[in-house]
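Below is one structure, written out as structure tokens; the observations come after it.
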Amino acid sequence: MPQGVADTGELDRVLGRLRQAVGDTAFRSWFTALSIERSEKNERVVAVPTRFLRNWIETHYGDQLLASWRAENQAVTRVSVVVEPRVAAAGRGGEDGEAREGETLVEPAEPSIPSEIGEDKGLLSAPLDPRFTFDNFVVGKPNELAHAAARRVADACADPVRAVPFNPLFLYGGVGLGKTHLMHAIAWHVRTHAPNRRVIYLSAEKFMYQFIRAIRYRSTIDFKEQLRSVDLLMVDDVQFVSDKDSTQEELFHTFNALVDQNRQIVFSADKSPSDLEGLEERMRSRLGWGLVADLHPTTYELRLGILQSKAERSGVAVPPKVLEFLAHKIVSNIRELEGALNRICAHMQLVGREITLESTHELLQDLLRSNERRVTIDEIQKKVAEHFNMKMSEMISARRARAVARPRQVAMYLAKQLTSRSLPEIGRKFGGRDHTTVMHACKKIEELAETDRTLAEDVELLRRMLQA
Ligand code: ADP
Ligand code: MG
């Protein structure tokens, strides 16, 4: 291909890959207006009609765009995006000098993104990640309840007959397990299927920030009105509001006002309502009114499923053996799992070589090591015995006095939580006890922790020490 001439066939193939990688919805929102501007030896220049689109693509899809291009043509090392308003494009000769001028031209007033996906103007809502859709969410045992609940809420909100299935929907689970993804997916679904519905998605921090700002500028009334006129309010990571009194108060009132008007609310947090610290009792009980759905730590099957789906979308052929290896080794959370896969894909595309188990090992040394730092049952028994001032031998003894039985149950509970051992394996480690005894211990500790603050704190403290 002669230099400087744009090859639209190549662009089409790259866009095909990109569509695979980001999914249909995001693709339609951000890439349909993209055209090829210029081709140099190693560089491609593409054009979009507005500055807004350019910025969005650069910040959210810069890497992906380059990766898709390189997957199509190894020689390309740089892809830049320029602004080229359509009006100017009509009479343009296509010379380089003029193409650059596009940058300084006045933009059309409205960015040419499909309006139903665009952000709500004037609302408080935070931007949504275009990759976080239901289409891109892989369902497995650990997240099936949370996923089903989120879908129900999304469908109900998009339905003309507004029915609120459960209010609030409270999603909770550890970091990187998909809470934010599900909330964004709900928002995308409603925005796409019922563009007139008002949806606000906010992190709890942003909620606090907006609220404090409103107080400063004496515009709390506006703030409240905005919040209370929505059809769907989602606040992410509410554990961060728990200590801040006035914000909690505000959230509580907003919450009540919305529930009264039959508007849907979705919250997420890293713990269940009953475990959230610094929460007023009335708030705690209200949070538990609707449906509380937790995202469990991932299983091997889910991790593999997610890797397969992401590898497929990225258009990079990662050997199944490598995916299995990653699913096996990176157990911490899905964010890290994704990070590992991205690293491998980027590496493959940069050096242009097949990835093998060996190179995976090398590439991911640090990640693999941190995922290996696993707690053993022995360590748990030792720490728990120390903490409760009892002999290690009591962990495996047959004695059933409360003073030794309770710490033993705590240790069993922690063993179940922090290791990947099965119930029978744990039982064996505790003086050959039956798996039902372990199960009973786990249930008992969970129940007690709901009412017995001291015990709950002990358990939490031990967990932190063991995981440090
Ligand atoms: P959380 O909010 O619970 O900390 P996120 O929703 O931010 O976690 O998820 C972390 C990353 O893992 C995101 O990139 C998200 O897309 C991805 N992820 C989480 N769960 C899934 C899933 N079930 N399928 C596909 N990707 C997932
Ligand atoms: Mg999150």
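The values are calculated or read from the model by the stated rules, or taken from the named source; none is laboratory data. Source: prediction; values computed, not measured. Positions of Cβ are generated from backbone atoms using ideal geometry, with glycine treated the same way; all protein chains shown enter the neighbour counts.
Out of the residues in segment 268-282 that are assigned to a loop (DSSP other than H, G, I, E, B) and within 11 Å of residue 174 (Cα to Cα), which is nearest to the chain's Cα centre (by Cα)?
Taking segment 268-282 and keeping what is assigned to a loop (DSSP other than H, G, I, E, B), we get 270-272, 276-280.
Still in the list and also within 11 Å of residue 174 (Cα to Cα): 270-272.
On the way: 270: 12, 271: 16, 272: 18 Å.
Within segment 268-282, the match that is nearest to the chain's Cα centre (by Cα) is 270.
Which members of segment 140-154 meet the condition of being buried (at least 16 other Cβ atoms within 10 Å of the Cβ) and either assigned to a helix (DSSP H, G or I) or among the aliphatic types (A, V, I, L, M) (or both)? Spell out the reasoning first.
Of segment 140-154, the ones buried (at least 16 other Cβ atoms within 10 Å of the Cβ) are 140, 142-143, 145-147, 149-154.
Selection gives 142, 143, 145, 146, 147, 149, 150, 151, 152, 153, 154.
Let me confirm something: among 275, 294, which residue is at pLDDT 90 or above and either away from ligand 2 (no atom under 16 Å from the Cβ) or under 21 Å from residue 183 (Cα atoms) (or both)?
Working: 275 fails: at pLDDT 90 or above.
Within the list 275, 294, the selection yields 294.
So for segment 27-40 (the condition being at pLDDT below 80, part of a helix (DSSP H, G or I) and not aromatic (Phe, Trp, Tyr)), does at least one residue qualify?
yes
Taking into account only those residues within segment 40-74 that are buried (at least 21 other Cβ atoms within 10 Å of the Cβ) and hydroxyl-bearing (Ser, Thr, Tyr), which is nearest to residue 14 (Cα to Cα)?
Residue satisfying both the conditions and the ranking: 68.
Every residue in segment 312-335 that is of a type in the set (D, E, K, R), modelled with pLDDT of 90 or more and either within 11 Å of ligand 1 (Cβ to nearest atom) or crowded, with 17+ Cβ neighbours inside 10 Å (or both), please.
Listed by number, the list holds a single entry, 335.
Scanning for something modelled with pLDDT of 90 or more, within 23 Å of the chain's Cα centre (by Cα), of a type outside the set (Phe, Trp, Tyr) and assigned to a strand (DSSP E or B), does segment 177-198 turn up at least one residue?
Scanning segment 177-198, I find no residue that is modelled with pLDDT of 90 or more, within 23 Å of the chain's Cα centre (by Cα), of a type outside the set (Phe, Trp, Tyr) and assigned to a strand (DSSP E or B), so the answer is no.
Yes/no matrix, rows are residues, columns are (1) over 20 Å from residue 184 (Cβ atoms); (2) aliphatic (A, V, I, L, M):
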position: 13; (1), (2): yes, no
position: 16; (1), (2): yes, no
position: 22; (1), (2): no, yes
position: 25; (1), (2): no, no
position: 40; (1), (2): yes, no
position: 47; (1), (2): yes, yes
position: 50; (1), (2): yes, no
position: 56; (1), (2): no, no
position: 71; (1), (2): yes, yes
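Take residue 309 and tell me if it is part of a loop (DSSP other than H, G, I, E, B), within 16 Å of ligand 1 (Cβ to nearest atom) and closer than 19 Å to residue 178 by Cα. If you could, list the steps in order and put the result at the bottom.
Numbers: part of a loop (DSSP other than H, G, I, E, B): no; within 16 Å of ligand 1 (Cβ to nearest atom): yes; closer than 19 Å to residue 178 by Cα: yes.
Judged against the criteria, residue 309 is not a match.
So which residues in segment 338-369 are farther than 18 Å from residue 315 by Cβ, polar (S, T, N, Q) and surrounded by 12 or more Cβ atoms within 10 Å (Cβ to Cβ), if there are any at all? Spell out the reasoning first.
Just the residues of segment 338-369 that are farther than 18 Å from residue 315 by Cβ, to begin with: 339, 356-369.
Okay, now just the ones that are also polar (S, T, N, Q), so 356, 359-360, 365.
If the condition is that a residue be farther than 18 Å from residue 315 by Cβ, polar (S, T, N, Q) and surrounded by 12 or more Cβ atoms within 10 Å (Cβ to Cβ), then 356, 359, 360 are the ones that fit.
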